[in-house]
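No value in this document is a laboratory result; all are computed from the given coordinates. All values reported here derive from a predicted model rather than from experimental measurement.
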Amino acid sequence: MSVMECNRKGCMHIMCRRYSTEFGYICSDCYGELERLLERAGSRSNYHLLTRQFMNTEKQEAAETVQEYLEEEFDIGDDDEGVF
Ligand SMILES: [Zn+2]
């Protein structure tokens, strides 16, 4: 049985549930990213070409979340100093 690996170039996500006969599996991350891309594209006639390009575009490192940023910026110090 397949691991249902995301078919987007450079994406290592597996167990994807969305599947296209042409493009293969896509994970929810890439799906969301593609959705935002197509929303900006405007014309419906571009969707298919943009989708093909998208699947061949290397996935970028996901932008850090607010939570990740804050946790890194405001490090929790030494536990035994009784900080607040
Ligand atoms: Zn993916």
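Our note on the geometry: Cα centres of segment 40-54 and segment 1-36, 17 Å apart.
VAL66 to GLN53: extension gain in nm, 0.36 nm per residue of separation minus the Cα-Cα distance? Could you put the intermediate results ahead of the total?
Working: separation 13, 0.36 × 13 = 4.68 nm, distance 2.92 nm.
So the extension gain works out to 1.8 nm.
Distant-in-sequence amide contacts of HIS13, defined by a placed amide H-H separation under 5 Å and a gap of 5 or more residues or a different chain, comprise CYS6.
Here's how it looks for TYR25: its modeled amide H is under 5 Å from those of ASN7, SER20, which are all 5 or more places away or on a different chain.
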